[in-house]
Structure formats: structure tokens, C-alpha cells
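The values are calculated or read from the model by the stated rules, or taken from the named source; none is laboratory data. Keep in mind that what you see is a predicted model, and the values were worked out from it rather than measured. With ideal geometry, Cβ positions are generated from the backbone for all residues, glycine too; neighbour counts draw on all protein chains shown. We work out accessible area using only protein heavy atoms, side chains counted, and drop any ligands, DNA or RNA first. Shrake-Rupley method; radii C 1.70, N 1.55, O 1.52, S 1.80 Å.
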Amino acid sequence: MSAQERTLLTTQRDCPGRLVPVGDPVTIPAHTFVTLTQALGGNYTVIHNGNMVRVDGTDADALGLTPQRLDFTPPADGRIDEAQVWEALGTVYDPEVPVDLVNLGLIYRVDIDQSAASVAISMTLTAPGCGMGPVLVGDVKYRVSQVPNVNAVEVELVFDPPWSRDMMSEEAQLETGMFY
């Protein structure tokens with residue numbers, strides 16, 4: 001799908017999503033026409049009733065598309081596996097740059113409280129005024145909550161230190177043409 005293409009789809013089932021840019025949850029009813037405007041990083045942006053709605057890739061079947069599956073083997077010890085948390089974070093993409101948040105350098109800290117079965121994440125945005133901040137926070141919470149044994153996810157947006165392209169992985173810099 002090119003940036004100029006728009007595709008008319010019919011929802012196959014009730015489709016959860018988040019309003020862009022505020023991040024409020026919405027449900028698009030089954031058998032509703034929507035216009036697909038963007039497919040990026042396994043997520044989709046559709047127009048529904050004049051509003052942009054971000055649909056997580058794990059719910060792509062609701063749009064008649066192939067869903068992204070987050071499939072983790074539960075650790076035998078019942079604990080949260082930090083590698084699985086990072087893997088889940090690696091499936092969240094910036095809505096404007098086709099690079100995941102980990103390789104963009106937006107994830108500053110992951111703290112796991114095994115006794116509370118919770119994960120606390122400190123992250124930033126590429127710009128403090130980014131209107132997609134609430135949507136990205138929602139994506140992070142949703143994807144990390146798919147990790148076995150995670151009962152709660154808290155995300156704190158921080159802007160110190162401010163993000164710069166130096167924080168990107170070399171791979172991300174090459175992919176975006178920002179390598180220097």
C-alpha cells in the first residue's frame with residue numbers, strides 16, 4: 001500500500017481501536033465500512049465516521065487482514081521474562097517512521113516487579129509535542145500486556161534526556177537514511 005492509496009474495507013467483527021491522536025479507546029462495529037489510510041509497522045490507520053482510528057496489528061483480522069501474532073512461551077517458573085518484554089516492545093512502531101520504538105531509542109528503562117507481576121517502562125517521544133504520544137503509550141501497554149505473567153503495565157513519558165537520532169540503532173539510522 002503506497003502513501004497515496006486508500007482502501008475501502010468492511011469490518012469482519014467488532015474492531016477495537018484508539019482515536020488518533022488522543023488515544024481514547026473506540027470500537028468500530030462489525031460490518032462497518034472504513035477507509036484504510038495507512039499500514040505501518042503492523043498497525044493500521046482507518047477513517048471511521050470522519051475520525052482517524054489506529055487498529056493494532058493483533059486485531060487486523062477485524063479488518064479482513066492477517067493479524068500479527070504475539071506468541072510467547074510462558075516461563076516454567078511463573079515469572080515475567082524480561083527478554084519477552086523487550087521482544088513485545090520491538091513490535092511497537094512509530095506511526096510516522098517505519099522503525100520500532102526499541103531501535104529508535106525511545107525506550108529508556110524497563111523495570112519488572114515480579115511480586116506484583118508488573119512492568120514499569122520509561123520512554124520518550126521523538127518530539128515532546130508529538131500528538132501520537134497517547135497512542136504510542138497505549139500500544140506499549142497493550143503489547144507488553146501480552147507477555148505471560150504480566151498483570152499490569154505502567155508507562156511513564158519522560159523527556160530528559162531529550163531524544164536525538166544518536167539514540168537510534170545503526171540499523172534504524174541506515175533504514176531511515178539518518179546515518180551520518
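For the range 82-101, filtering for residues that are of a type in the set (A, V, I, L, M, F, W, C) and free of Cβ contacts under 8 Å to residues at least 24 places away in the same chain leaves 1. Scanning the range 118-147 for residues that are hydrophobic (A, V, I, L, M, F, W, C) and part of a helix (DSSP H, G or I) yields VAL135, LEU136, VAL137, VAL140, VAL144. Listed by first and then second residue, the pairs with beta-carbon distance under 9 Å, at least 6 apart or on different chains, first residue in the range 64-81 and more than 23 Å from GLY17 (Cα to Cα) and open to solvent by 100 Å² or more (accessible area, probe 1.4 Å), second at pLDDT 95 or above and of a type outside the set (Asp, Glu), are THR73/GLN84; THR73/PRO148; ARG79/ILE112; ARG79/GLN114; ARG79/ALA117; ARG79/ASN149.
When you check VAL150 against the structure, is it β-branched (Val, Ile, Thr), in a loop (DSSP other than H, G, I, E, B) and open to solvent by less than 60 Å² (accessible area, probe 1.4 Å), yes or no? Criteria met by VAL150. When we screen ALA88, ALA120 for residues that are open to solvent by less than 20 Å² (accessible area, probe 1.4 Å), more than 18 Å from GLY17 (Cα to Cα) and of a type in the set (Gly, Ala, Ser), the only hit is ALA88. Reported count of residues in the range 96-117, each being outside any strand (DSSP E or B), open to solvent by less than 50 Å² (accessible area, probe 1.4 Å) and out of contact with any helix residue (DSSP H, G or I) (no Cβ under 7 Å at 6 or more places or on another chain), is 2. Might you let me know whether the range 10-31 holds any residue that is without any contact (Cβ under 8 Å) to a residue 40 or more places away in the chain, polar (S, T, N, Q) and open to solvent by less than 40 Å² (accessible area, probe 1.4 Å)? No, the conditions are met nowhere in the range 10-31.
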